[in-house]
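Novice: Before I ask anything, here is the structure I am working with.
The values are calculated or read from the model by the stated rules, or taken from the named source; none is laboratory data. Remember, predicted model here, so these are calculated numbers, not experimental data. Quick reminder, even Gly has a Cβ in these numbers, built from the backbone with ideal geometry, and neighbours come from all protein chains shown. Quick note on the areas: whole protein, heavy atoms, side chains included, nothing else; ligands and nucleic acids left out. Shrake-Rupley method; radii C 1.70, N 1.55, O 1.52, S 1.80 Å.
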Amino acid sequence: MGRAKEIKVKVIPPKVANAFVKKHHYSGKVVPNSKLHFGAFLDGKLHGVLSYGSPFVKKNVIGLVEDTGWNEMIELNRMAFDDYLPKYSESRCIAISIRLIKKHAPQIKWILSFSDGTQCGDGTIYRASGFKLIGHKKNDGIFYFNGETIHGKVLWDRGISKTWTIPDKELESIRAKGHEIERLIGFQLKYIYLIDKSCKLTKPEIPFTEIDKIGAGMYKGEKITLQERRAT
């Protein structure tokens, strides 16, 4: 693991975390629901951030694990690292953050996270960190809009669209108003980490080989299968 063992992970203020995420996360955006932020430090400087918080619509995901109380799960909703950190840093930082959550928030029994197989990757770091793949779906809710990549909900919030999903017919209507808009097609993959190993999933765990079967392979924004990565 080399120098990754030297990384220190500790809680940092939201202002510091959000500034780093805006600069280094591929989306350039923070998640308003993030409440708990961990910083990854090496050689005395901040080089990574992991942000946790409540899911946007908790009632839709709380049932993924049996008998989960309202305060017994949390979502890892942002991870951002710069290029200074060595190999294996991401999985080490996740492991340390989980240990800290287990120690200081013992009520948390499991962690949810989503992998963006449309713009970023299919969850390589989650798999290396012991997360279970429990869901996947085609993601057609992200759009290239007037020079920025944006979720349909944001366009709905701004009054640009009438719905989050924005059907093709409405895309034409938005273009007719002088906007440039295209739908980005990819996948969203859902992962769970069971801090409490006695917890039981309410959906079957999906083998990682399914990622290639459905054509969801992506690494650092490039379409590539798991098998192709193993061959390099």
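Novice: Which of (1) 221; (2) 144; (3) 135 is the computed volume of the Cα convex hull per residue in Å³ for the structure on display?
Specialist: Here the calculated entry is (2).
Novice: When the helices in the chain are scored as -39500 (n - 2.57) per DSSP H run of 4 or longer and the sum is shared across all residues, what 222 nm value do you end up with, to the nearest 500 deg cm²/dmol? All intermediate terms of the calculation are to be shown ahead of the outcome.
Specialist: Details: 7 runs with 57 residues, N = 232.
The helix-only estimate for the chain comes to -6500 deg cm²/dmol at 222 nm.
Novice: Oh, and also: For the chain, take the longest principal axis of its alpha carbons; what is the angle in degrees between that and the long axis of helix 14-24, to the nearest 10 within 0 to 90?
Specialist: Roughly 60 degrees, rounded to the nearest 10.
Novice: Check the straight Cα-Cα distances from Lys10 and name the lysines below 21 Å, setting aside those fewer than 8 residues away within the same chain.
Specialist: Excluding near neighbours in sequence, the set is Lys22, Lys23, Lys35, Lys45, Lys87, Lys102, Lys103, Lys109.
Novice: Still on this structure, I have one more. Once phi is turned into ³J(HN,Hα) by the Karplus curve 6.51 cos²θ - 1.76 cosθ + 1.60 with θ = phi - 60°, what whole-Hz value does each residue of region 118-135 show in order, with x for glycine and proline?
Specialist: Values, residue by residue: 9, 10, 10, x, 9, x, 3, 5, 5, 5, 5, 9, x, 6, 9, 7, 10, x Hz.
Novice: Would you look at the GNM of the chain, springs on alpha carbons closer than 10 Å, and say which of Ile214, Ile125, Ile98 moves the most?
Specialist: Among Ile214, Ile125, Ile98, the largest mean-square fluctuation in the Gaussian network model of the chain belongs to Ile214.
Novice: By how many nm would the segment from His24 to Leu46 grow when fully extended, if each residue of separation counts as 0.36 nm and the alpha-carbon distance is taken off? Present the calculation step by step, with values, prior to reporting the outcome.
Specialist: Numbers: separation 22, 0.36 × 22 = 7.92 nm, distance 1.17 nm.
In short, 6.8 nm is gained.
Novice: When the solvent-accessible surface of protein heavy atoms is calculated with a 1.4 angstrom probe, in what order do Lys213, Lys109 fall, highest first? Intermediate values should be presented prior to the final figure.
Specialist: Working: Lys213 155, Lys109 65 Å².
Result, largest first: Lys213, Lys109.
Novice: In whole percent, and with a 1.4 Å probe on the protein chains, what portion of the accessible area of the chain is carbon and sulfur? Don't skip to the answer; put the middle values down first.
Specialist: Numbers: 6890 of 12820 Å².
Summing carbon and sulfur atoms, their accessible area is 54 percent of the total for the chain.
Novice: Straight-line reach only, C-alpha to C-alpha below 16 angstrom: list the lysines that Lys153 could link to, leaving out same-chain residues fewer than 8 apart.
Specialist: Lys29, Lys162
Novice: Output the Cα-based Rg and Dmax of region 169-232 in Å, rounding Rg to one decimal and Dmax to a whole number.
Specialist: 18.3, 55
Novice: Grab the eigenvalues of the alpha-carbon gyration tensor for region 1-67, scale each by 5, take roots, and send me the semi-axes largest first in whole angstrom.
Specialist: Details: eigenvalues 139, 52, 21 Å².
Value: 26, 16, 10 Å, ordered largest first.
Novice: If the label point is 7 Å along Cα→Cβ of Thr163, which residues in region 123-142 have backbone nitrogen under 19 Å from it?
Specialist: From region 123-142, the list is 137-142.
Novice: Per 0.36 nm of contour for each residue apart, how much would the distance between Glu66 and Glu222 grow if the chain were fully extended, relative to their Cα-Cα spacing? Mind dumping the intermediate values first?
Specialist: Details: separation 156, 0.36 × 156 = 56.16 nm, distance 3.56 nm.
Length difference between fully extended and current span is 52.6 nm.
Novice: What whole number of Å gives the distance from the Cα centroid of region 39-69 to the Cα centroid of region 97-125?
Specialist: Using only Cα atoms, the two centres lie 5 Å from each other.
Novice: Among Val65, Val16, what's the order by accessible area (1.4 angstrom probe), most exposed first? Each step should come with its number before you reach the end.
Specialist: Values: Val65 0, Val16 65 Å².
Greatest to least solvent exposure: Val16, Val65.
Novice: Between Lys59 and Glu172, what is the label-to-label distance in nm when each label sits 7 Å out along the Cα-to-Cβ direction?
Specialist: Once both label points are built, they end up 3.6 nm from each other.
Novice: With each label point set 7 Å from Cα along the Cα-Cβ vector, what nm distance links Lys153 and Asp82?
Specialist: 3.0 nm
Novice: What are the semi-axes of the equivalent ellipsoid of region 79-179, taken as the square roots of 5 times the eigenvalues of the Cα gyration tensor, listed largest first and rounded to whole Å?
Specialist: Numbers: eigenvalues 257, 52, 34 Å².
For region 79-179, the ellipsoid semi-axes come out as 36, 16, 13 Å.
Novice: Using a 1.4 Å probe and ignoring any ligands, DNA or RNA, find the accessible area of Phe41 and quote it in Å² to the nearest 10.
Specialist: 40 Å²
Novice: By how many degrees, between 0 and 90 and to the nearest 10, does the Cα long axis of helix 89-104 differ from the longest principal axis of the chain?
Specialist: On a 0 to 90 degree scale, this one is about 70.
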